[in-house]
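Step one of this worksheet: look at the structure below.
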Amino acid sequence: MASRTVTLLTFAAAVVFALVVRGGAGIGIALLFLVFVPLEKLFALRRQRVLRRGLLTDLTHMLVNGAVTAVAVVALVVVAAIPVLWIRRFDVEGALPAEFAVGLAVALVAVGNYWGHRLTHQVPFLWRFHAVHHSSEQLDWVASGRLHPLDQAFTQAFTVFPLFVLGYGAGAFGGVTVFVTLLALFQHANVRLRFPVLRWVINTPEWHHWHHAIDDDARDKNFGLPIVDKLFGTAYLPKGRRPVGFGTRSPVPPEGYLRHLAYPFTRAATEPTAVS
């Protein structure tokens, strides 16, 4: 009962924080609710309640993490770029034809996001933070928000770092943020729809749900865009099958935003069983 009370109070504080600091974040989430909830009801992959366990925790992540992550990404990119900051002075992006600059940015983002994500599975210290995201046992659009802000910051910084070094500006970073956010919402949605043409082009729920699967043969698969996973040998999309379930063996608390923030620094996160 005490933990439920803390979760409720934390969510209330997150709502106030979002209204004061993030402006339209609450309105945006409400609009997403109107889009995704009917979609997930009409085409549900798994029968589950909208007001499921952990919903308030995931909404708290959505309301708070964006502001924290943005600050952390800037700090990580600037610090990491100090040894190679001289390259940015050449303004490689500005020297390229616009079409080539856009194509290069897309390729760098796709590969950077893949390896940033893959490292969070393969480096034990990084997995402590990423395990929070994989603790969701019921996937839906809201589950996409369950991310430790430092985990989210690392992956995003890894993704945009090459763009920063090559002289790309705020417009490119904003575009990446919007694309990654919308894709995350879509690929976690609890829908059974298949997309025959898109399934090997962009992350669909069918594709990304295998990344969260507890099936042994699906472990450490589908880190990014299908074409990139194909390139690096981690693509997995078996015909005629669905994941048995979702989750992680790591002992991440099932709910509680503050408990999620603290988990990577606990003894439990360092135990041998707490691995990807």
Complete set of residues in region 215-236 that are farther than 14 Å from residue 116 by Cα, hydrophobic (A, V, I, L, M, F, W, C) and in contact with an Asp or Glu (Cβ under 9 Å, 6 or more places away or on another chain): 235
Could you tell me whether residue 60 is in a helix (DSSP H, G or I), under 18 Å from the mean Cα position of the chain (by Cα) and under 14 Å from residue 142 (Cα atoms)? yes
Looking at region 252-266, can you tell me whether even one residue there is at pLDDT 95 or above and over 19 Å from the mean Cα position of the chain (by Cα)? yes
Lone unmet requirement of (1) farther than 15 Å from residue 121 by Cβ; (2) open to solvent by 10 Å² or more (accessible area, probe 1.4 Å) for residue 158: (1)
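Going by what's in this entry, would residue 69 be described as touching a His at 6+ places or on another chain (Cβ under 6 Å) and not in a loop (DSSP other than H, G, I, E, B)? Give the derivation first.
Working: touching a His at 6+ places or on another chain (Cβ under 6 Å): no; not in a loop (DSSP other than H, G, I, E, B): yes.
For residue 69, the condition - touching a His at 6+ places or on another chain (Cβ under 6 Å) and not in a loop (DSSP other than H, G, I, E, B) - is not met.
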Before we move on, is residue 36 among the aromatic types (Phe, Trp, Tyr), more than 21 Å from residue 151 (Cα to Cα), buried (at least 17 other Cβ atoms within 10 Å of the Cβ) and out of contact with any Lys or Arg (no Cβ under 7 Å at 6 or more places or on another chain)? yes
Right, residue 163: outside any helix (DSSP H, G or I), under 20 Å from residue 71 (Cα atoms) and out of contact with any strand residue (DSSP E or B) (no Cβ under 7 Å at 6 or more places or on another chain) or not? no
If I filter region 194-206 for residues that are under 20 Å from the mean Cα position of the chain (by Cα) and either in a helix (DSSP H, G or I) or under 30 Å from residue 87 (Cα atoms) (or both), do I get at least one hit? yes
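So which residues in region 47-81 are among the charged types (D, E, K, R) and either open to solvent by 70 Å² or more (accessible area, probe 1.4 Å) or at positive phi (or both)?
47, 49, 53
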Could you list all residues from region 83-120 that are aromatic (Phe, Trp, Tyr), over 27 Å from the mean Cα position of the chain (by Cα) and part of a helix (DSSP H, G or I)? 86, 100
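I'd like to check something: does region 223-236 contain any residue that is open to solvent by 50 Å² or more (accessible area, probe 1.4 Å) and among the acidic types (Asp, Glu)?
Residues of region 223-236 that are open to solvent by 50 Å² or more (accessible area, probe 1.4 Å), as a first pass: 227, 230-233.
Next, from what is left, pick out any that are among the acidic types (Asp, Glu): none.
The answer is no, given that none of the residues of region 223-236 is open to solvent by 50 Å² or more (accessible area, probe 1.4 Å) and among the acidic types (Asp, Glu).
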Residue check: is residue 246 open to solvent by less than 80 Å² (accessible area, probe 1.4 Å) and of a type in the set (Phe, Trp, Tyr)? yes
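If a residue has to be in contact (Cβ under 8 Å) with a residue 12 or more places away in the chain, in a helix (DSSP H, G or I) and farther than 28 Å from residue 194 by Cβ to count, how many in region 20-57 make the cut? Don't jump to the end; show me each part of the working.
Here is the first cut: in region 20-57, the residues in contact (Cβ under 8 Å) with a residue 12 or more places away in the chain are 21-22, 25-26, 29, 32, 36-37, 39-40, 43-46, 48, 50, 52-57.
Okay, now just the ones that are also in a helix (DSSP H, G or I), so 21, 25-26, 29, 32, 36-37, 39-40, 55-57.
Adding the requirement that they be farther than 28 Å from residue 194 by Cβ leaves 21, 25-26, 56-57.
Qualifying residue count for the region: 5.
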Among (1) over 30 Å from residue 83 (Cβ atoms); (2) in a helix (DSSP H, G or I), there is one condition residue 180 misses while meeting the rest; what is its number? (1)
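The values are calculated or read from the model by the stated rules, or taken from the named source; none is laboratory data. Since the structure is predicted, the reported quantities are computational estimates derived from the model, not experimental observations. Cβ atoms come from the backbone with ideal geometry, glycine included; neighbour counts cover every protein chain shown. Areas reflect the complete protein model, heavy atoms only, side chains present, ligands, DNA and RNA absent. Shrake-Rupley method; radii C 1.70, N 1.55, O 1.52, S 1.80 Å.
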